[in-house]
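Below you'll find the structure, written out as structure tokens, and then a few comments.
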Amino acid sequence: MDSSRDAVVIDSVSKIFKKSRPLFGWRKKQDEQAKKQEVKALDNVSLTVRRKEIVGILGANGSGKSTLIRILSTLLIPDTGYVSIFGYDVVKDERMVQRLINRVSVEASFFKKLSPMENLLYAARLYNMPGEQARTMIRSILGRLSIKPDRIDAPLENMSRGMQQKVAIARAFLTSPIVLLLDEPTTGLDPRSKLDVQNFVQELREQHDATILITTHDMDEAEALCDRVAIIDQGRIVAEGETQALKRTVTELMGRSTPATMNEVFMHYTASHMITEEDVRRYGSWEKAFEVLEALREEEE
Ligand SMILES: Nc1ncnc2c1ncn2[C@@H]1O[C@H](COP(=O)(O)OP(=O)(O)OP(=O)(O)O)[C@@H](O)[C@H]1O
């Protein structure tokens, strides 16, 4: 593996989905085309992630985060643009990319009647891991994620959703992937479990040189875990950088003496009208500009 290379390169990627509209009586007569509505899930997205970096993708519901993660993990093909993982094209070198990445998402598939141990042993076998080594590792990882020993051999279907999510995370950690794609890994987890997962992610980067892309709605998590974040809004990256730098920019723009929080940074970049320095001057303050521009948008709608 050429360590001097960028780990993930996303270059001008767009993805459009066609959604069917519900049909009501008279609409049935309309042209077939009219039934379709286009959703630009990703609009000319570019982002580069260096080796060993932890990059957060932040965005509201439906902003395009999962679509981007799915493209990176070869589950979706971009309409335009280019994506590579350590130089391998996600479309042309799909097999190689699949060997380098691992994706964790809430819709992880498991054999629900089997236990976490059986499910993870199955995964380990797919990666040609010797049984005994896998068993030891599975116990250690599940323990680190605070799954009690008596749960390890009980059917997965009896576990809470959060616990099942931890098993999904354990599966990704088991194979120490080179690039780890975490799609909202801590959504729905209790605070202690969240911390367990965050610590584990950091450890994976330190000990296995993993490169990590993580989508999250949790701004505290983004700040604590990510070297850099990209804020995505309606399929476009609207801001990118270190959380501290983004906070400084927004604090300045808001003309505040106390630093802006990451929540405020997020609100700023995803507002329906992004507030400029000129808006702040015109309306007297960031808050006033936000209020006026939001009201204008509501009127327009
Ligand atoms: N398979 C699909 N078919 C049609 N539309 C889709 C499909 N997948 C996603 N979309 C649409 O694309 C847009 C982006 O969706 P995406 O799931 O990437 O958002 P997200 O940022 O991950 O949202 P969330 O935070 O709610 O998970 C949404 O408008 C969504 O409805």
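The values are calculated or read from the model by the stated rules, or taken from the named source; none is laboratory data. Predicted model only: the values in this text are computed from it and were never measured. So basically every Cβ, Gly included, is an ideal-geometry build from the backbone, and we count neighbours across all protein chains shown.
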Worksheet item: Restricted to the range 57-94, and to residues that are assigned to a helix (DSSP H, G or I) and within 15 Å of the ligand (Cβ to nearest atom), which residue is surrounded by the fewest Cβ atoms within 10 Å (Cβ to Cβ)?
Response: Arg70
Practice prompt. Can you work out which of the residues in the range 95-127 that are over 26 Å from Arg236 (Cβ atoms) and charged (D, E, K, R) is surrounded by the most Cβ atoms within 10 Å (Cβ to Cβ)?
Written response: Glu118
Worksheet item: Is there any pair with a first residue in the range 58-76 that is over 12 Å from Ile101 (Cα atoms) and a second that is near the ligand (Cβ under 6 Å from one of its atoms) and in a helix (DSSP H, G or I) whose Cβ atoms are under 6 Å apart and which are 6 or more apart or on different chains, and what are they?
Response: Gly59/Lys65
Worksheet item: Got at least one residue in the range 47-56 being modelled with pLDDT of 95 or more, out of contact with any helix residue (DSSP H, G or I) (no Cβ under 6 Å at 6 or more places or on another chain), within 15 Å of the ligand (Cβ to nearest atom) and not aromatic (Phe, Trp, Tyr)?
Response: yes
Worksheet entry | Hits in the range 135-185 (condition: surrounded by 15 or more Cβ atoms within 10 Å (Cβ to Cβ), without any contact (Cβ under 8 Å) to a residue 40 or more places away in the chain and hydroxyl-bearing (Ser, Thr, Tyr)) | Ser176
Fill in: Residue list for the range 252-287, filter: hydrophobic (A, V, I, L, M, F, W, C) and not in a loop (DSSP other than H, G, I, E, B)
Leu253, Met254, Met262, Val265, Phe266, Met267, Val280, Trp286
Item to complete: State yes or no: is Thr216 under 16 Å from the mean Cα position of the chain (by Cα), within 16 Å of the ligand (Cβ to nearest atom), buried (at least 19 other Cβ atoms within 10 Å of the Cβ) and of a type outside the set (A, V, I, L, M)?
Response: yes
Practice prompt. Could you tell me which numbered condition Trp26 fails, if it satisfies all but one of (1) modelled with pLDDT under 65; (2) of a type in the set (A, V, I, L, M, F, W, C); (3) touching a Gly at 6+ places or on another chain (Cβ under 8 Å)?
Written response: (3)
Worksheet item: Since Val39 meets every condition but one in (1) within 11 Å of the ligand (Cβ to nearest atom); (2) closer than 26 Å to Gln165 by Cα, which condition does it not meet?
Response: (2)
Worksheet item: From the residues in the range 230-243 that are assigned to a strand (DSSP E or B) and closer than 16 Å to Leu72 by Cβ, which one is nearest to the ligand (Cβ to nearest atom)?
Response: Ile232
